[in-house]
Structure formats: structure tokens, C-alpha cells
Amino acid sequence: MAKKPEKRECRAVVLEPDAAGIDIGAEEIYVAVPPDRDEESIRMFSSFTCDLHALADWLQKCRIRTVAMESTGVYWIPLFQILEARGLEVYLVNAHYLKSVPGRKSDVSDCQWIQYLHSVGLLRASFRPARDICAVRSLWRHRASLLQMASEHILHMQKSLSQMNLQIHHVLSDITGASGQAILDAILAGERNPVQLAQLCNCRVKSPREKVAKALEGDYRPEHMFTLKQSLDGYRYYQKLIAELDREIQRLMQTLPSAVETGQEIPQRTKHSAFQRQGNDPGFDLRGQLYRIAGVDLTDIPGVSAVTAQVILTEIGPDLRRFRHASAFASWLGLCPENRVSGGKVLSCKTRKVKSRAALALRLGANSLSRAKGYFGEFFRRMRAKLGTAQAITATAHKIARVLYHVLRTKQPYTETVFHRSDEHARRRAEMRLRKQAALLGFQIIPVPADSAT
């Protein structure tokens with residue numbers, strides 16, 4: 001009788017023998033280490049700080065060098081910082097790359113699966129900027145939340161005014177400006193004479209005072225006056241918080257390393273329009289701080305304002321060496337097509353769905369170039385006629401991202417000469433193709449001077 005072949009267990013090649021996997025939850029954290037490191041290779045820890053330190057002690061006792069964890073909400077941040085301070089190499093993995101594997105329905109199997117994938121080298125760490133950049137980034141994100149809350153109070157003020165038929169927000173461009181707040185304070189103080197209220201407008205208000213007075217004739221109701229007062233107080237409270245936050249942001253940004261020499265001035269802009277401070281910009285010199293940190297004026301790039309440059313530097317940082325080239329940087333932002341090919345057929349070429357504040361800022365900047373002059377404006381309009389508005393915004397944002405990558409890596413100021421050389425090269429290639437095709441057909445192309453009549 002023939003002997004049955006022996007069954008051999010196929011094991012993958014372990015590339016990271018000192019790897020651990022962590023499944024993070026709001027209250028419980030499950031950790032898996034290689035089976036030969038401890039009798040109990042899977043342990044559960046609470047999410048309290050003392051338990052997190054105990055978790056780090058156990059990993060060091062098990063001679064763990066690298067750890068992989070999912071980016072679950074904000075629960076991973078305390079453990080990530082503790083493990084990073086202990087000298088462990090922490091891989092923060094996108095949960096989307098792990099959820100598609102079926103059969104894992106418990107926290108124990110999840111941490112085991114993460115540990116296995118990390119040990120065989122199948123996990124890739126997500127990008128995370130330096131610690132000082134992360135600190136500034138947290139404050140800027142909090143500032144965006146405060147601005148959103150303040151804007152909600154502006155909407156409440158407009159609603160109260162509309163319910164009293166006070167059309168002040170139709171004759172003033174901004175009811176939170178100096179003239180608007182002066183009129184609101186007078187209304188809340190008891191003034192009802194529209195002529196007297198209209199005289200509180202600043203001299204720069206373009207609306208006629210008679211029209212402003214007509215807009216201030218309304219039905220003053222006590223309940224709407226009460227909501228108006230609370231909304232105005234809430235708006236001023238958030239403005240106070242934003243001012244305090246701006247001072248803290250300025251202090252932290254001054255601690256970031258400088259890429260230029262002390263006292264070096266910002267070079268002259270090449271943009272046609274002069275730099276203007278926007279309404280929601282911080283009180284300090286944001287453009288000067290960004291130039292000191294980046295070593296180059298990013299606001300000189302078309303579509304990049306001071307706020308857009310701030311988002312790029314605080315979300316990614318001035319050091320882009322983590323990305324191999326500009327194409328990898330644009331792919332990480334989700335601004336280039338993701339080709340899906342199967343059986344020789346292109347199934348999809350759409351861009352990936354990426355939730356990135358930097359990509360959103362670049363898209364907003366690209367959308368502002370729809371009527372701009374220069375190369376980027378012409379490129380946007382050409383892509384819009386060819387692909388549509390949405391695709392044109394993505395294509396223009398992609399081009400801006402590549403320019404940002406080049407400027408930050410080389411520290412060279414932005415110039416459009418490279419685009420002009422590229423267009424000239426493309427024109428010469430097109431002329432060569434036409435001449436070759438004409439020669440095959442027995443014709444000859446004779447150039448016409450540009451100043452001659454057509």
C-alpha cells in the first residue's frame with residue numbers, strides 16, 4: 001500500500017519577528033505578541049493611563065520592537081504617544097486596509113490578525129508629521145471648529161433680524177463689522193429711531209443712509225431681541241477665544257525651526273494681485289511665519305493663499321522627503337486617477353475617496369482660479385471645457401500639488417517659465433508631426449508670420 005504524503009504546514013516568511021498587533025477600543029485594548037514571547041500571548045488592558053504604561057512595560061518585557069495598530073477615531077493617540085516615547089516603532093494603519101478580510105468578528109482575532117500581517121511585512125504605516133507640527137496642527141484644527149461655531153451665531157443673528165423684518169444684513173456686507181456691531185448694540189440698548197441708527201454706519205459703507213434707515217424699520221419683538229442679544233454675546237465670546245488661540249498658535253509657530261536666516265525679508269511677489277489679509281486670518285503675521293518655516297513664499301503660487309499654505313504646512317509639514325516624488329505626493333492627497341485594470345480592461349479610473357484637509361484646501365484654491373489670468377487660469381478653463389468643472393478642479397489641484405512639492409523640496413521660488421518652456425516644447429513637437437504628415441502627403445508647410453493678416 002502506498003504511503004500517504006505527509007502534510008506540511010506552510011508558513012509565511014516572518015520579516016518582523018519582534019512585531020506586535022493592537023486592537024484599540026474606547027474602554028478595552030487587546031494586544032497580541034508572538035506566541036514564543038509569553039505564555040499568555042494575548043492580553044487585554046484598560047484604556048486608563050496607568051494601564052497604557054503597563055501595556056508598554058509588557059511589550060518591552062516581551063522584547064517587542066515594532067507595533068501596529070488601527071487608526072480608530074482618536075482613541076489611538078494616547079497609546080501612540082506613550083509607545084513612541086518608549087522608543088518603539090509604531091505603525092498607524094488605515095482601518096480600510098484591514099476590514100475587507102472576512103471571518104474576524106472579535107477583538108482577540110483582530111489583534112492576532114494585525115500582528116500576523118505586521119510580522120510578514122504586509123502593513124504600511126500612515127503618514128504622520130513630526131511632533132511639533134502635530135502640536136500646531138491640533139490648535140489650527142481647533143481654530144477651524146471655533147470659526148464654525150462663531151459662524152453659527154452669525155446665522156442666528158440674521159434669523160432674529162429677519163423675524164423682526166430688520167433688513168440690515170441686506171444693506172451691510174457684514175453685520176459683524178464695525179458698523180453692524182455698532183447698530184446692533186444700539187438696538188439692544190433701546191434705540192428704535194432708524195435715522196439715528198443709520199448714522200452709526202462707518203464712512204466706508206457704500207449703501208445710502210436713507211436705504212439703511214428703511215432697512216432698520218421693523219417689528220421689534222422682545223423674544224427676538226432676547227435671541228439676538230444671546231447670539232451677539234455668543235459670537236463675541238468665540239471671537240475672544242479665537243484671539244486667545246491665535247496668541248498660543250503664534251507662540252508655538254515661533255518655536256518651529258526656521259528655514260531662512262534671521263531677519264531675511266520675504267522676496268517680492270510675482271502674482272499680479274497684492275497680498276491682502278482675509279477676514280478670518282489670525283492677528284499676527286501669518287505669511288511671514290509661513291515663509292520662515294518653509295523657507296519659500298508659498299503664497300506666491302496661484303491658488304495658494306496664506307490659509308491654504310498654513311493648512312499644507314500644518315497637515316504635512318515643510319519636509320516632504322517621506323514622499324518619493326511629486327506623483328506619490330499627489331496620489332497620497334487623492335488628486336490623481338486610480339486605474340483599476342482587470343483582464344486588460346480599465347474598470348475604473350476615478351480618484352480615490354480621501355478625507356484630507358490639505359486636498360480640500362487645494363481644491364478650494366483651484367476653484368478660485370476659474371477667472372484668473374496666467375497659466376493656471378488658462379489650464380483650468382481648458383480642462384473645464386474638456387472634462388467638466390469637477391474634473392477641472394481636481395486636475396488643477398493636482399498641478400498645484402506638484403508645484404508645491406517641487407517648491408518645498410528645492411526651496412526655489414515659484415516661476416511660470418517652466419510651464420512656458422513645456423508649452424513651447426509641445427508646440428514644436430506638434431509642428432514636427434504636422435510637417436512629417438504633410439511630407440507624406442506631398443505637401444509642404446509654410447509658416448506665416450504672426451503679425452500678418454489672416
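The values are calculated or read from the model by the stated rules, or taken from the named source; none is laboratory data. This one's a predicted model, so the numbers in the text were calculated from it and none came from an experiment. Heads up, the Cβs are rebuilt from the backbone with ideal geometry, glycines too, and the neighbour counts pull from every protein chain shown.
Tabulated values for the structure
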| quantity | calculated |
| --- | --- |
| Filter result for S342 (touching a residue at least 12 places away in the same chain (Cβ under 8 Å) and assigned by TED's automatic domain parsing to the domain that holds Y405) | no |
| Exclusive hit being of a type outside the set (A, V, I, L, M, F, W, C), assigned to a loop (DSSP other than H, G, I, E, B) and over 22 Å from the mean Cα position of the chain (by Cα), set P267, P302 | P267 |
| So D219, is it loosely packed, with under 15 Cβ neighbours inside 10 Å, in the same structural domain as D233 (by TED's automatic domain parsing) and in contact with a helix residue (DSSP H, G or I) (Cβ under 7 Å, 6 or more places away or on another chain) | no |
| Qualifying helices (runs of 4 or more DSSP H) (wholly inside the stretch 339-453; at least 2 residues being modelled with pLDDT under 80 and more than 30 Å from N94 (Cβ to Cβ)) | 417-440 |
| Members of the stretch 241-293 that are in contact with a Lys or Arg (Cβ under 6 Å, 6 or more places away or on another chain) and either under 24 Å from K373 (Cα atoms) or modelled with pLDDT of 85 or more (or both) | L245, S258 |
| Positions within the stretch 189-222 being of a type in the set (K, R) and closer than 22 Å to Q163 by Cα, in sequence order | R192, K211, K214, R221 |
| Residue among R382, R402, R371, R435 that alone is surrounded by 11 or more Cβ atoms within 10 Å (Cβ to Cβ), without any contact (Cβ under 8 Å) to a residue 60 or more places away in the chain and in the same structural domain as G303 (by TED's automatic domain parsing) | R382 |
| Looking only at the stretch 145-175, and only at residues there that are assigned to a helix (DSSP H, G or I) and modelled with pLDDT under 90, the one that is surrounded by the most Cβ atoms within 10 Å (Cβ to Cβ) | I168 |
| Residues of the stretch 48-71 satisfying the condition of being modelled with pLDDT under 90 and either surrounded by fewer than 16 Cβ atoms within 10 Å (Cβ to Cβ) or assigned to a loop (DSSP other than H, G, I, E, B) (or both) | S71 |
| Filter result (out of contact with any helix residue (DSSP H, G or I) (no Cβ under 7 Å at 6 or more places or on another chain) and assigned to a strand (DSSP E or B)) within the stretch 72-101 | E89, V93 |
| Residues satisfying the stated conditions in the stretch 222-250, i.e. charged (D, E, K, R) and surrounded by 15 or more Cβ atoms within 10 Å (Cβ to Cβ) | K229, D246 |
| Unmet criterion (only one of (1) farther than 21 Å from N367 by Cβ; (2) touching a residue at least 12 places away in the same chain (Cβ under 8 Å); (3) part of a loop (DSSP other than H, G, I, E, B)) for Y291 | (3) |
| Matching option when the condition is closer than 20 Å to M157 by Cβ, within 27 Å of the chain's Cα centre (by Cα), of a type in the set (S, T, N, Q) and part of a helix (DSSP H, G or I), among Q250, Q239 | Q239 |
| Residue that is assigned by TED's automatic domain parsing to the domain that holds L241, without any contact (Cβ under 8 Å) to a residue 40 or more places away in the chain, surrounded by 15 or more Cβ atoms within 10 Å (Cβ to Cβ) and not aromatic (F, W, Y), where the choices are A198, A178, A189 | A198 |
